[in-house]
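This report refers to the structure that appears directly beneath it.
We did not get these values from a lab; they are worked out from the coordinates using the rules stated. Remember, predicted model here, so these are calculated numbers, not experimental data. So basically every Cβ, Gly included, is an ideal-geometry build from the backbone, and we count neighbours across all protein chains shown.
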Amino acid sequence: MYYLGVDVGSVSTDLVLLNEDKQVIEKLYLRTKGKPIAAIQEGFRVLKNKYDKSEIKAAGTTGSGRQIASTLIGADAVKNEITAHAVAALDTDSEVRTIIEIGGQDSKIIVLKNRIVTDFAMNTVCAAGTGSFLDRQAERLEIPIEDFGEYALKANTSVRIAGRCAVFAESDMIHKQQLGYNEGEIIRGLCEALVRNYLNNVAKGKEIQDKVFFQGGVAANKGMKSAFEEALGIKVAIPEHYNMMGAIGAAIIAKEKVEKAGRTSFKGFDLAESIFLSTSFECEGCSNGCEVVKIQENESVIGCFGDRCGKWGNKLAV
Amino acid sequence: MKITFPHMGNVYIAAKTLFDDLGVEYVIPPQTSKASLELGSLHSPEEMCLPFKIMIGNYIHAIENGADTVIITGSCGPCRFGEYCELQMNLLNRLGYNLDFIVIDSPGDIGLKELVTRLGKVSTGSMCNRMDKLKAVLTAVKVVNLIDEVEAKARYLAGFEANKGECKKLLNECKNKAMDCNNGKTMIEHLKKYIDKLNVVKLDHSKEPIKISIIGEIYTVIEPFSNLYIEDKLMDYGISTKRTLTPSWWVKNLVLSPTNMNQLEIKRKAKEYLPYMIGGHARECIGEAVLAHEEGFDGAIQIFPMGCMPEIVSKAILPKISKDKDFPILTLVVDEMTGEAGYVTRIEAFVDLLERRKNHVLSRC
């Protein structure tokens, strides 16, 4: 018996299968590429060959695409990524007090006490310091993102980069390159700038206490880890499935929910072969003018989003 | 003369009553939507705060429907809102619209005589005698109090209702049907009827809903479009909410401000953290946060538009209150973005946090 967790994020779509002991049996890390439906289908195509619908006891979704994913797969639990990350981290190590999570488009800090979330913060209107920015810089420097961190560790000194704004950080980096600094020093400077930005912006006013977990896609970057450790003066732990924590959390939450409810609404893996069509239109029912997205599976409508009144969606019709 | 005014929550219901009773022509701009925001941000200075942009959108929509006179409230307070009327007049003039502006300011700033003169301008098109005019104003004040009462009741009871969605349904119904009331008398009857209806909504007293206080900048907490309908969302989650800043609160505050007797309790509660008036409603925000904790609320959500000066100050003070009183406070900054995913994530996570705290005895000691 397995529990499925799906985390549809801005950059990656992650799928995990947990067994009864909440151990990760299967994990898939796919690029969303702006097409959440296609990414989920791609994942399901892989899982379909190995598992049967009846083996899945519960399914949960999280991430910014959690609603659409839930409609698609028939999820038992739809949870925001903050709670999902916290649940997964606590399951890995109940001693964790602070979670630093940096994903593709957003970064978060989660503060825990007595195994519950007591405070959290997310970056506001700025994406500086997140995975997308690192991705882009790696691309510009023609270094594979996987090796990005290694370069930072090799450098002995760092170049100061302004980290407040991603656009200006980039021009700052270009200036420093033109002056002849080597790549490693610049990358290390960049990591330090991102950490500075994170601590002054997202984590402002939050107490960071041992034990610290660093998770999300950016945790793969060794340069970032060491920059955090240097800035905080404490060790930062990276859980084994650092880039899957959201999906793991969703699976655990779904497991708990199904144990209470007694049955799952999981639709099975067949959707891998379905044809999905999403169209959007502006509702003319009132002056709100909601932009409604309609999702069709093989020509039958499976869900609508974006309306406030519930005329199209399955929300409370008021 | 055809009067219009920017939207701000339920103000339009009271304004409708006032103009109906005075017998002056008016245009209610269409409810604030993405179209108003788009139009407003097209013409407004880029770094201006969100309310300004939405208001410009409202004006232009109203002008398209024939309005030629705008009534807005002013404030000579040290916040950008004090400049709104001048900037908006200039901006709309430059766009080629020929408009009259009537700015209703606090009597403390412009003097009672000037206020009366300006109010007199509003009713120049009215055939009523002075007595009836005064009566119309008093009726409108009563209406604004009543609609705020309906709203507050519905929002608070939403946490306790036995049939999910009943309060929201009544609230929406009340607002929709209010538009059919063509004079003060029927409007008051209509609103009272809905207060009675809300009083008999079936409640489940065994429920212990999460209670959240909505605090922050006055426009963005009151105008639902600007805060992406946060109160409606919280109602759907079955949460009781309370909001002190309302149009009726504003009227009361305005009337009392020359005597310095306004908001005594909020001022007293804020004293420890922010003893000064620093513009906008920063002090109120701080006072309400302390008050919400004392009243047994589970948490507070602060909302303000990006770049709001007074609220940035209160945002920096709130973590201290949060820590001192062990009282969770979430800050949400709203801007032109209408993508709700990130916003909903924060609200849901905050609700989760409050729920788990509530169920976890250890964290309460």
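Helices from chain A with mean Kyte-Doolittle at least -1.0 and a Cα length along the axis of 20 Å or more, per DSSP H: which?
Working: long enough: A:36-50 (22 Å, -0.09); A:183-200 (25 Å, 0.02); A:245-261 (24 Å, 0.54).
Those that clear 20 Å and a mean of -1.0 are A:36-50, A:183-200, A:245-261.
Once Rg and the Kirkwood radius are both taken over the C-alpha atoms of the range A:8-99, their ratio Rg/Rh works out to 0.96.
Strictly over 31 Å apart at the Cα level, which of A:K27/A:K235; B:K177/B:K269; A:K50/B:K164; A:K235/B:K323 would you flag in this model?
On the way: A:K27/A:K235 27 Å; B:K177/B:K269 39 Å; A:K50/B:K164 42 Å; A:K235/B:K323 25 Å.
Exceeds cut-off: B:K177/B:K269; A:K50/B:K164.
Distance from the Cα centroid of the range B:271-309 to that of the range A:19-66 is 44 Å (rounded to whole angstrom). Across all Cα pairs in the range A:275-318, the calculated P(r) in 10 Å bins from zero up to the longest distance comes to 31, 51, 17, 1 percent per bin.
With the largest listed first and rounded to whole Å, the semi-axes of the equivalent ellipsoid of the range A:137-181 from the Cα gyration tensor are 17, 14, 11.
For chain A, the alpha-carbon coordinates run over 59, 47, 39 Å along the three principal axes, in decreasing order. Exposure proxy ranking for B:R94, A:R115, A:R97, based on other Cβ atoms within 10 angstrom of each Cβ and starting from the fewest, stands as B:R94, A:R115, A:R97.
Using 0.36 nm per residue and subtracting the Cα-Cα separation, the extra length available between B:V200 and B:M261 on full extension is 18.4 nm.
I want the antiparallel fraction of DSSP beta bridges within the protein assembly as shown, as a percent rounded to 5. Percent antiparallel among DSSP bridges in the protein assembly as shown is about 50. Partner shielding of A:280-291 amounts to 3, given as the average count of beta-carbon atoms from other chains within 10 Å of each residue beta-carbon. Legend: P(r) of the range A:94-238 from all alpha carbon pair distances, 5 Å bins from 0, whole percents, reading 2, 11, 20, 25, 19, 12, 7, 3, 1, 0, 0. What lysines could a cross-link reach from A:K176, if we take a straight Cα to Cα line under 21 Å and drop same-chain neighbours fewer than 8 places away? Once the sequence-local lysines are set aside, what remains near A:K176 is A:K154.
So for the range A:149-300, considering every pair of alpha-carbon atoms, how many percent are separated by more than 25 Å? Of all Cα-Cα distances in the range A:149-300, 57 percent exceed 25 Å.
Restricting attention to chain B, close to 5% of DSSP beta bridges with both partner residues there are antiparallel. Overall, the protein assembly as shown carries a charge dipole of about 1480 debye about its Cα centre when +1 sits on the Cβ of Lys and Arg and -1 on the Cβ of Asp and Glu, all other atoms neutral.
For A:S107, nonlocal amide neighbours, meaning residues 5 or more places apart or on other chains whose placed amide H falls under 5 Å from its own, are A:N123. Taking A:F305, A:F214, A:F276 as the candidate residues, the one with maximal mean-square fluctuation in a Gaussian network model of chain A, Cα springs under 10 Å, is A:F305.
Highest mean first, what order results for B:263-273, B:299-309 on Cβ atoms within 10 Å? Let's see the in-between values first.
On the way: B:263-273: 16.7, B:299-309: 23.0.
Those peptides, ordered most packed to least, come out B:299-309, B:263-273.
Around A:E20, with a cut-off of 12 angstrom between Cβ atoms, what is the net charge of the other residues, counting Lys and Arg +1 and Asp and Glu -1?
Values: positive: A:K22, A:K57, A:K255; negative: A:D21, A:E55, A:E259.
Surrounding charge for A:E20 is 0.
Modelled label positions at B:E64 and B:K271, each set 7 Å beyond Cα in the direction of Cβ, lie 5.2 nm from each other.
Rounded to a whole number of µm²/s, how large is the Stokes-Einstein D of the range A:68-139 at 25 °C and 0.890 mPa s, given Rh as the Kirkwood radius over C-alpha pairs?
On the way: Rh = 13.8 Å.
It diffuses with D of about 177 µm²/s by this estimate.
Any idea what % of Cα-Cα pairs in the range B:162-254 are farther than 23 Å? Counting every Cα pair in the range B:162-254, those more than 23 Å apart make up 35 percent.
All distinct Cα pairs of the range A:16-161 go into the 1/r average, and the inverse of that average, the Kirkwood radius, is 18.0 Å.
If you take each beta carbon of peptide B:347-356 and count the beta carbons of other chains within 10 angstrom, what is the mean?
Details: counts 1, 7, 13, 5, 2, 10, 10, 1, 2, 6.
So the per-residue partner count for this stretch is 6.
Mean Kyte-Doolittle hydropathy of -1.0 or higher plus an axial Cα length of 24 Å or more: which whole DSSP H helices in chain B meet both?
On the way: long enough: B:130-157 (40 Å, 0.20); B:309-325 (25 Å, -0.13); B:341-359 (27 Å, -0.36).
What comes out of the filter, once short or polar helices are dropped, is B:130-157, B:309-325, B:341-359.
Calculated mean residue ellipticity at 222 nm for the protein assembly as shown: -14500 deg cm²/dmol, from DSSP H runs with n ≥ 4 weighted as -39500 (n - 2.57), summed, divided by the residue count and rounded to 500. Temperature 10 °C, viscosity 1.306 mPa s: under these conditions the Stokes-Einstein estimate for the range B:256-315, based on its Kirkwood radius over C-alpha pairs, is 132 µm² per second. Cβ under 12 Å from B:S41's Cβ, B:S41 left aside: what net charge do those residues give with Lys, Arg +1 and Asp, Glu -1? Charge balance near B:S41 sits at -3.
Only the Cβ atoms of Lys and Arg (+1) and of Asp and Glu (-1) were treated as charged; on that basis the dipole of the range B:2-126 about its Cα centre amounts to roughly 80 debye. In the protein assembly as shown, the C-alpha radius of gyration followed by the widest Cα-Cα span (Dmax) gives 27.1, 86 angstrom. In plain terms, if you count all Cα to Cα distances in the range B:196-316 and split them into 10 Å steps from zero, the share in each step is 12, 40, 34, 12, 2 percent. Counting Cβ atoms of other protein chains within 10 Å of each residue's Cβ and taking the mean over peptide B:30-39 gives 3.
The convex hull of the Cα atoms of chain B, projected and averaged over all directions, covers 18.0 nm².
What is the sum of charges, Lys and Arg at +1 and Asp and Glu at -1, for the other residues whose Cβ falls under 12 Å from the Cβ of B:L332? That works out to -1.
How big, on average over all directions, is the shadow cast by the Cα convex hull of the range B:78-229, in nm²? Mind showing how you got there, number by number?
Details: hull surface 50.1 nm².
If you wrap the Cα atoms of the range B:78-229 in a convex hull and average its projections, you get 12.5 nm².
When both bridge partners sit in chain A, DSSP labels roughly 70% of those beta bridges antiparallel.
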